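For reference, the structure discussed in these notes is given below.
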């Protein structure tokens, strides 16, 4: 993995753990993934030309669509050039939104 990909992934990983220090890290389907309260939180991936933040929930990305303008997004993934990473505060916002959804979802169950 090129150095800039590695640096971008480490930046994402640090942002995830700063917001949800209780997140459990592991590998799922070949992708670095974090779980919170036993549920998938986010995943991190790297391809030849981009790095990915797998948010795994379309509603979270739709809620922050305006802040994601300029990034390649699909329903549940944000892809970006590792030399132009997603700002840490935006990553933190997305991760916190996911963690809150998981917390509310588990309390409602």
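The values are calculated or read from the model by the stated rules, or taken from the named source; none is laboratory data. What you see is a predicted model; the values in this text were computed from it and never measured. A quick note on method: Cβ atoms are made from the backbone with ideal geometry, for glycine too, and the neighbour counts reach across all protein chains shown.
Considering the conditions (1) touching a residue at least 40 places away in the same chain (Cβ under 8 Å); (2) surrounded by 15 or more Cβ atoms within 10 Å (Cβ to Cβ); (3) over 12 Å from the mean Cα position of the chain (by Cα); (4) within 17 Å of residue 96 (Cβ to Cβ), residue 64 is excluded by exactly one of them, (1).
Is it the case that the range 101-109 has a residue that's in contact with a helix residue (DSSP H, G or I) (Cβ under 9 Å, 6 or more places away or on another chain), surrounded by 16 or more Cβ atoms within 10 Å (Cβ to Cβ) and under 24 Å from residue 5 (Cα atoms)? Steps first, please.
Looking only at the range 101-109, we keep the residues that are in contact with a helix residue (DSSP H, G or I) (Cβ under 9 Å, 6 or more places away or on another chain), and these are 101.
Those left that are additionally surrounded by 16 or more Cβ atoms within 10 Å (Cβ to Cβ): 101.
Checking the rest, the ones that are also under 24 Å from residue 5 (Cα atoms) come to none.
Within the range 101-109 (the criterion being in contact with a helix residue (DSSP H, G or I) (Cβ under 9 Å, 6 or more places away or on another chain), surrounded by 16 or more Cβ atoms within 10 Å (Cβ to Cβ) and under 24 Å from residue 5 (Cα atoms)), the answer is no, since none of the residues qualifies.
Picking from residues in the range 34-68 that are over 23 Å from residue 5 (Cβ atoms) and assigned to a loop (DSSP other than H, G, I, E, B), the one that is modelled with the highest pLDDT is 64. Going through (1) touching a helix residue (DSSP H, G or I) at 6+ places or on another chain (Cβ under 9 Å); (2) in a helix (DSSP H, G or I); (3) free of Cβ contacts under 8 Å to residues at least 60 places away in the same chain one by one, residue 78 falls short only on (2).
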